[in-house]
Amino acid sequence: MTKTLNAQIIDCQPFQDQKPGTSGLRKSVSAFKVPHYLETFVQSIMDTIGGGQGKTLVLGGDGRYFNREAIQIILKIAAANGVAVVKVGKHGILSTPATSAVIRKYKAFGGIILSASHNPGGPNGDFGVKYNVESGGPAPEKVTEAIYATSKTITQYRILNAPNVDIDNVGTHELGNTKVEIIDSVSDYLELLESLFDFAKIGTMLTSGKFRMCFDAMHAVTGPYGKAIFVDTLGAPPDSVRAEVPLEDFGGGHPDPNLTYAHELVEIMFAKNAPDFGAASDGDGDRNMILGSNFFVTPSDSLAIMAANYKLIPGYASGISGVARSMPTSAAVDRVAKNLGIPCYETPTGWKFFGNLMDAGRVTLCGEESFGTGSNHVREKDGIWAVLFWLNILAATGKSVEAIVKDHWRTYGRNFYARHDYENVVTEKAHALFDRLHELLPSLVGKEYGNRKISLTDDFSYTDPVDKSVSKNQGIRIIFDDDARIVFRLSGTGTKGATLRLYVESYETDEARLHLDAQEALSDLITTADEIAEIRKHTGMDRPSVIT
Ligand code: G16
């Protein structure tokens, strides 16, 4: 029976700054708490997707501060817009890859993910809203542009006048004419992962008493997932998962799994008698960092190693159609693809660019230097998936993480890689650096730096091979005649000032040099990058804020 809705139409002024970035709309919590700010953005999503009538949407978030409040607001807007069903993760929790899995499993129209990913949380931290489409992947640019255009002109939103929904117990509720289903946050996702990996083999390794792992959930969304999967399902000892309780401010930490921010895990993994395997994930569970005992695996190498070992993983053993990496990611995976005789695509930064390639069956595995790897099982990068992929390789080979990586380098050569981030740079100064670089680019070709010569310079442009859409200005590339590269980009996920990212890469096959420290092996390129771009002068910083 259709009820008469107790919906209110609220007049509002449009906001002009709701442009989604690399991964959704990210702003400080205080910006999201400005009256009507969240509401107008969510209504803009509703208007862009043609209203809610008859649609099923998935809703969840990473549990950060404002998550629970935002869930209630969005439920009431969804109900007032006639959405038929909203599936909500219990406690409002759904990791980004789990949301993608749920959208796909139930053939939902789309989903809303509340997260600012790896950005800090809490009242003084960040919040974010991301819209995913029916494939389970982030909305493509044409959709985010349409949402942005709507948000600039919107003058009203609809919201139901109703009490809050109990989101803390699995069950079904009626909100106006909308069915709100509170679902277990883990089970659908776990079922999918069980179909891909050899859980029996991994379980045998984890319960053998001879193998120790440490998964750091960084007080973010993967705590419940890590515990349910590694401990409750695979049988790892309970202390194999740390910082497993999601906290609204991530315990004051910065939930970004890299050597700087996951320092507690790094200390454990680089101590004497360290566990055999270490991993961390980020705020919303899509990123991962992989460590061995006293050993760090770069995300670019991790992707290449996964591709090279796909036959060991039941879900992929029948073959992988192709691989993709973002432009700044090292070319290590390109060498594996060449060897396997499969295509390798180079896309701009942003997981959304992999979606079309996966939907068209062109790629199975993809990854980014920014600690993201994933496959066509969902349409997001997937932290826990990556951990299981590695555990499956370790269980199948019986080798250590370090041995697997070093064997890989011996076979394919090593792509030395480093990323230097200069955070919170005055925006005008960052733009001045890029303006100058753009002017310089043509004159750089042919110039020599040490024993290298520049063979190509450009601002990366990508034509999607499936829908032919063109994305320009995706990062400045300076490529040398020995395949070494320097890349400059401005981050699309920061919320304070500008973040300059410098990526440097060189390729090495000399066995005597394969085990050098990456910063040392790349020191000449790092100096060249500063010489060309005058980074110190423009940023006023004499060293990067974060090195990964
Ligand atoms: C997001 C995107 C990734 C991107 C990363 C860094 O990750 O999904 O594709 O590589 O940001 O982007 P940028 O260099 O522009 O800051 P996440 O984990 O924040 O969703």
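The values are calculated or read from the model by the stated rules, or taken from the named source; none is laboratory data. Fair warning: this is a prediction, and the values are worked out from it, not measured in the lab. Backbone-built Cβ (ideal geometry, glycine too); neighbour counts: all protein chains shown. These accessible areas exclude ligands, DNA and RNA; they are computed on the full protein's heavy atoms, side chains included. Shrake-Rupley method; radii C 1.70, N 1.55, O 1.52, S 1.80 Å.
Rolling a 1.4 Å probe over the protein heavy atoms of the chain, with every protein chain left in place, gives an accessible area that is 49 percent carbon and sulfur.
Mean residue ellipticity, 222 nm, helices only, the chain: the sum of -39500 (n - 2.57) across DSSP H runs of n ≥ 4, divided by residue count and rounded to 500, is -9000 deg cm²/dmol.
Over the C-alpha atoms of segment 425-547, the Rg to Rh ratio, Rh being the Kirkwood estimate, stands at 0.99.
Full extension of the segment from Asp435 to Asp510, taken as 0.36 nm per residue of separation minus the current Cα-Cα distance, would add 23.2 nm. Computed over neighbours whose Cβ is under 14 Å from that of Gly413, the net charge equals -3, Lys and Arg +1, Asp and Glu -1. When DSSP beta bridges are restricted to pairs lying wholly in the chain, around 70% turn out antiparallel. Within the shell of other residues whose beta carbon sits under 15 angstrom from the beta carbon of Gly319, the net charge comes to +2, with Lys and Arg scored +1 and Asp and Glu -1. With the biggest extent put first, the Cα atoms of the chain measure 75, 59, 41 Å across the principal axes. If R0 is 35 Å, the Cβ-Cβ spacing of Asp232 and Ser30 corresponds to a FRET efficiency of close to 0.40. To the nearest 0.05, how large is the calculated FRET efficiency for Lys406 and Asp482 if R₀ is 22 Å and r is the Cβ-Cβ distance? After rounding, the FRET efficiency stands at 0.50.
Taking the longest Cα principal axis of the chain as reference, the axis of helix 401-412 is set at about 60 degrees.
Any chance you could give the angle, 0 to 90 degrees and rounded to 10, that helix 141-153 forms with the longest Cα principal axis of the chain? With both axes taken from Cα atoms, the answer is about 50 degrees.
What angle do you read, to the nearest 10 degrees and between 0 and 90, between the alpha-carbon axis of helix 96-105 and the longest principal axis of the chain? Approximately 60 degrees, to the nearest ten.
Looking at segment 242-389, what % of its DSSP beta bridges pair antiparallel, to the nearest 5?
Numbers: 13 of 20 bridges.
Just about 65 percent of them are antiparallel.
Under a model in which nothing but the beta-carbon of Lys, Arg (+1) and Asp, Glu (-1) is charged, the chain shows a dipole of about 860 debye around its Cα centre. Maximal additional length on extending the Asp239-Lys152 stretch stands at 26.4 nm, based on 0.36 nm per residue less the C-alpha distance.
Please compute the alpha carbon radius of gyration of segment 60-218, then divide it by the globular-protein estimate 2.2 N^0.38 Å. Two decimals is fine.
Computed over Cα atoms of segment 60-218, the ratio equals 1.19.
The trypsin sites (Lys or Arg not before Pro) found in segment 89-120 that occupy coil by DSSP, while having at most 16 further C-beta atoms within 10 Å, are Lys107.
Averaging over every viewing direction, what projected area does the convex hull of the Cα atoms of segment 189-412 cover, in nm²? List each step's numbers first, then the result.
Details: hull surface 44.6 nm².
Quarter of the Cα hull surface area: 11.2 nm².
Entry comment: accessible area of the chain is 38 Å² per residue, from protein heavy atoms only and a probe of 1.4 Å.
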